Structures are given as C-alpha cells and as structure tokens.
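*Asks:* I have a structure I would like to understand better, so I am pasting it below and will then ask my questions one at a time.
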Amino acid sequence: MEERRKVATLTLGCKVNQYETDAVQELLSAVGYEIVEFQDKADVYLVNTCSVTNMADRKSRQMLHRARKMNPEGVVIAMGCYVQSAAEELLKDPYVDLVIGNNKKKDIVTILDEYFRTNHKVQEVIDINDTEEYEELTINEVSEHTRAYIKVQDGCNQFCSYCIIPYTRGRVRSRKMEDVLKEVESLAKNGYKEVVLTGIHLSSYGIDLREDGEELHRKAVYGIEKSKLLELIQKVAKIEGIKRVRLGSLEPRIITEEFATELTKIDEFCPHFHLSLQSGCDETLKRMNRHYTCEEYKESCNILRKAFDRPALTTDVIVGFPGETEEEFEQTYAYLDEINLYEMHVFKYSRRKGTRADQMKDQIADPIKAKRSALLLAMSSKNQKEFEDSFFGENVEILLEEAYEEEGKKYFVGHTKRYQKVAVEGDSFKENEEVLVMLTGRLSSGMLVGTRIFEEK
C-alpha cells in the first residue's frame with residue numbers, strides 16, 4: 001500500500017485566510033493526503049500568505065524559505081495574497097515550487113496532481129481585479145474547536161489610501177446565502193455552537209447578489225431598506241444548534257437604527273461590534289480615503305448603545321499616518337477618550353508599496369509613532385478594565401473553550417457574548433459547554449474570573 005503524502009500548512013494574516021486554509025486542508029484530506037503540523041517533516045508545505053504590509057510580505061518569504069530548509073526534497077507552495085502582489089518574483093524564487101493566487105485555492109488537488117505528474121513549476125494566478133466569481137470553498141470542521149469563522153464575502157471596493165487589499169483580493173464578491181446556510185447547518189451538526197460571519201469587507205455582503213427583477217448594485221449602499229447582511233444573520237441564527245452569531249469587522253455606515261433594532265430581536269446575536277475607525281481626526285480620515293466623518297462614526301456608536309445594554313464596541317486605529325501632525329493626533333486622542341470604546345487595536349502606520357499613502361509627503365518618524373501608540377494603548381487598557389468591571393456581580397453566560405491553570409489552580413476559560421474572556425474554577429468542565437457564572441473579580445494575570453451559578457430546574 002502506497003504511503004500517504006504528508007501536507008503541512010501555515011496561515012499568515014486574517015481569519016479569512018484561516019478559513020481558506022481549513023477548506024484547502026479538507027480538500028486535500030478527502031483525496032488521501034495526511035495533514036501534519038508545519039514544524040513536522042512533510043512532502044508538501046503550503047504557506048497561505050499575507051500581503052497587508054511590507055512586513056507581512058517579508059514574513060511570507062521567510063516562512064516559504066523555512067519550509068524548504070525543513071525538507072529540501074519537499075514541494076513548497078506559496079498561496080494567497082502575497083502571490084497576487086508578487087507572482088513574478090515568486091516564480092523566480094528557487095525555494096518555491098508552486099505559486100497559487102486567490103480564486104485558485106479551490107483547484108489545489110488538480111494543481112498538485114499536475115505538478116507530481118510533470119514536476120514543472122507552475123503559476124496559477126488570475127487577474128483578481130477582473131473576476132466576479134466568488135471562490136466557493138467549504139468547511140465541515142475548523143482549527144478552533146468551539147467557534148467557527150465562516151467566510152461569506154471576498155474583495156473590497158473601498159480603496160483606502162494605505163491598503164493593498166483591493167489589489168490582492170479584487171472587487172466585492174458575495175457568497176450565495178443558501179451556500180452559507182448549508183455550511184452552517186453542517187457545522188452545527190458537528191457540534192459548533194458559535195459562528196462568526198467574516199469577510200474582507202463584510203459590510204458589503206450582498207451588494208452584488210441579484211434576485212429576480214432586482215437591480216444589480218456595483219457599489220456599497222448602506223442603510224438600504226433590505227440589508228442582505230441582516231437577512232443572512234437572521235437566517236443563520238435560526239439554524240438548529242447555533243447558540244451564538246458574531247460578526248467580523250464592520251463599516252460604521254452600516255449601523256442604522258433599523259439595523260440595530262432588528263439585531264436586538266435575535267437572541268443568538270452577540271452584542272460585540274468591531275467598527276473600524278482608523279483615526280479620530282476628519283482631516284486624517286480624508287487622506288486615508290475613509291468614507292465617513294468622526295461625527296458619523298460617533299452616531300453609529302450612539303445607535304448601538306441606545307439599542308443594546310452596554311454593547312462591546314471595539315475598533316482599529318492607525319497612528320503616524322503620513323501628515324498626522326501633533327494637533328491631529330491630539331484630536332484623535334480627545335475623540336477616542338470621548339467615545340470611550342471597550343478595546344482599541346492600535347497599529348503604527350506601515351508603508352506599503354503600491355498604495356497612494358506610500359507616496360505621500362510628511363512620513364512620520366518611528367519614535368513618534370511609538371509614543372502615540374503607547375498613549376492609545378494605555379487608554380485602551382483603562383477603558384477595557386472599566387468596561388469589564390461594570391459587570392462585576394452580574395450573571396453572564398460563557399461558552400467554554402479550553403483548560404487553564406494559574407497559581408496551581410485549575411480553570412476552564414471561555415468568552416461571554418460581548419467577547420470578554422472569563423475563567424471559571426474547576427476541572428470537570430467540557431469544551432464547548434455553556435456555563436452561567438457570576439463575575440466576581442480577576443485572577444493575578446488580570447483575566448476575569450467567575451463563580452458558576454446553578455440554575456433551578
């Protein structure tokens with residue numbers, strides 16, 4: 001009997017990439033490949049690359065070269081976003097055997113079969129900006145054991161001045177609703193209770209989906225009477241076995257009173273909103289080519305806080321964007337202090353070749369970026385603690401994920417619907433178990449801790 005070929009995969013970048021890697025693993029496993037850890041010796045090494053920054057490009061190259069060193073006789077595959085931006089460069093790289101771009105991942109089995117037959121280096125890369133096809137990939141199991149990230153959308157039409165992603169992922173392409181629902185049903189039957197709907201620009205979901213007699217929209221329209229994303233959330237929540245529906249990053253303009261009100265009617269919906277901001281200064285937002293103002297963003301936050309009890313509002317902020325003066329940063333700092341978000345992911349601006357921002361004047365020095373980043377991170381830590389402390393003494397439900405040990409005591413750790421991480425003491429719990437706890441304080445590490453509440457039958 002012929003020994004099964006071993007495949008090791010590595011995912012760089014976002015949750016969409018992780019979803020695609022999981023789907024590719026299932027395709028390979030179905031035809032007899034054995035999936036092993038990346039550090040193990042394998043016959044095939046597949047790196048699903050990222051290209052969001054120059055640093056991500058460099059990391060992608062490093063991992064491809066590391067794969068070659070782990071087994072000089074193995075097949076090394078570069079796949080994904082870095083391939084879209086550097087296909088010719090990768091074709092010349094002696095460490096890389098196969099170059100597979102976005103929208104070609106679904107063909108991994110036939111591409112590998114052809115390579116083993118001919119032993120010829122192959123480039124499978126399309127012009128991603130010239131396709132309307134959503135690449136249909138499917139998963140039945142995921143790398144996380146309790147939470148399943150479901151890719152429902154690809155591409156972006158926004159063209160922020162700092163971002164390469166529209167060039168590596170192409171235009172907005174939405175997955176058919178029936179295909180999403182079918183996949184979630186399969187995952188629910190396999191025991192997954194929480195799903196996270198995700199995409200490259202999730203708020204654009206459905207703008208390219210045409211129904212009978214319906215005009216096809218080519219650019220994002222927010223606040224429309226019938227939001228396809230809202231309809232998708234409603235249908236996913238009704239699937240038997242699904243206890244939680246969470247969303248990936250959203251554009252603030254999708255938040256309307258109608259959208260928020262409809263979400264409050266869905267018991268399974270998690271009131272955790274990641275609304276991408278990037279700057280709290282309108283002048284900086286203009287240079288970034290973001291399509292909203294600080295006032296509009298604040299109104300989105302107000303709508304959500306009016307509709308939900310203490311929703312967890314989180315965001316991304318870039319400091320040191322080209323031309324960001326001290327005054328502009330001070331505006332951002334004061335604005336963020338005012339709107340008081342639960343958590344902020346703070347990024348120091350990183351130049352990316354091929355973007356307009358890379359050519360802008362007044363690039364900011366690294367020490368200034370570091371100083372601004374530290375100030376916002378300190379604010380974020382303070383906000384996070386105050387928000388979490390406001391729940392002390394209250395009962396919350398957590399979905400358990402993994403065992404945890406601290407100072408000799410055994411705990412199980414899970415997340416609330418607001419994505420607060422909570423430990424509950426004990427070692428008799430099970431992964432994927434729903435537990436009601438009263439939040440009582442924090443462990444020495446700072447993690448929230450709760451006492452289990454036994455509900456009366």
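The values are calculated or read from the model by the stated rules, or taken from the named source; none is laboratory data. This structure is a prediction, so every number in the text was calculated from the model and none was measured. Side chains are part of the model used for accessible areas, which takes the heavy atoms of the whole protein and leaves out ligands, DNA and RNA. Shrake-Rupley method; radii C 1.70, N 1.55, O 1.52, S 1.80 Å.
*Asks:* Return one quarter of the surface area of the convex hull spanned by the alpha-carbon atoms of region 230-331, equal to its mean projected area, in nm².
*Replies:* Values: hull surface 27.8 nm².
With every direction weighted equally, the projected area is 7.0 nm².
*Asks:* Oh, and also: Check His345: other-chain or 5+ apart residues with amide H under 5 Å from its amide H, H built from backbone geometry?
*Replies:* It is Thr315, Asp316, Val317, by chain and number.
*Asks:* Right, here's the next one. Decide, for region 332-457, between rounded, prolate and oblate: order the square roots of the alpha carbon gyration tensor eigenvalues as a ≥ b ≥ c, take rounded if a/c falls under 1.5, and otherwise choose prolate if a/b is larger than b/c, else oblate.
*Replies:* Values: a/c = 2.86, a/b = 2.38, b/c = 1.20.
Prolate, since a/c reaches 1.5 and a/b exceeds b/c.
*Asks:* Next question, about the same structure. Where both residues lie in the chain, what percent of DSSP beta bridges are antiparallel, nearest 5?
*Replies:* 35
*Asks:* Then there's this: Reachable lysines from Lys371, Cα under 16 Å, same-chain residues fewer than 8 places away excluded?
*Replies:* Straight-distance partners of Lys371: Lys348.
*Asks:* Still on this model: Just to make sure I understand: if all protein chains stay in place, what is the order of Glu328, Glu37 by accessible area at 1.4 Å, largest first?
*Replies:* If we order Glu328, Glu37 from most to least accessible, we get Glu37, Glu328.
*Asks:* Per residue, how large is the accessible surface of the chain? Use a 1.4 angstrom probe and give square angstrom.
*Replies:* 47
*Asks:* Please compute the alpha carbon radius of gyration of the chain, then divide it by the globular-protein estimate 2.2 N^0.38 Å. Two decimals is fine.
*Replies:* Cα Rg divided by the expected 2.2 N^0.38 Å: 1.02.
*Asks:* How much of Met360 can a 1.4 Å solvent probe reach, expressed as accessible area in Å² and rounded to 10?
*Replies:* The value for Met360 is about 50 Å².
*Asks:* From largest accessible area down, sort Tyr167, Tyr162; use a 1.4 Å probe on the protein chains.
*Replies:* Tyr167, Tyr162
*Asks:* Report Ile303's accessible area, 1.4 Å probe, all protein chains in place, as a number in Å² to the nearest 10.
*Replies:* The accessible area of Ile303 comes to roughly 20 Å².
*Asks:* With a/c under 1.5 counting as rounded, go ahead and sort region 88-219 into rounded, prolate or oblate using the C-alpha gyration tensor (a ≥ b ≥ c being the square roots of the eigenvalues; past the cut-off, prolate if a/b is larger than b/c, else oblate).
*Replies:* oblate
*Asks:* I would also like to ask the following. Tally up the carbon and sulfur contribution to the accessible surface of region 295-396 as a whole percent, 1.4 Å probe, everything protein left in place.
*Replies:* 51
*Asks:* Going down the list Lys59/Lys92; Lys193/Lys430; Lys238/Lys417; Lys15/Lys69; Lys189/Lys430, which pairs span over 21 Å between their C-alpha atoms?
*Replies:* Lys15/Lys69
*Asks:* For Phe392, Phe273, write out the residues from largest to smallest accessible area, computed with a 1.4 angstrom probe and no ligands counted.
*Replies:* Largest accessible area first, the residues go Phe392, Phe273.
*Asks:* For Asp40, tell me the accessible area in Å² from a 1.4 Å probe, rounded to the nearest 10.
*Replies:* Probe radius 1.4 Å; accessible area of Asp40 about 60 Å².
*Asks:* Okay, helix-only estimate at 222 nm for the chain: each DSSP H run of n ≥ 4 adds -39500 (n - 2.57), divide by all residues, round to 500 deg cm²/dmol; what do you get?
*Replies:* Calculated at 222 nm, the ellipticity per residue is -10500 deg cm²/dmol.
*Asks:* Can you work out D for region 19-59 in µm² s⁻¹ from Stokes-Einstein, where Rh is the Kirkwood radius over C-alpha pairs, the temperature is 25 °C and the viscosity is 0.890 mPa s?
*Replies:* Working: Rh = 11.9 Å.
The diffusion coefficient I find is 207 µm²/s.
*Asks:* Would you check region 240-327 for Lys pairs whose C-alpha atoms are within less than 20 Å, ignoring same-chain pairs closer than 8 in sequence, and give me the count?
*Replies:* 4
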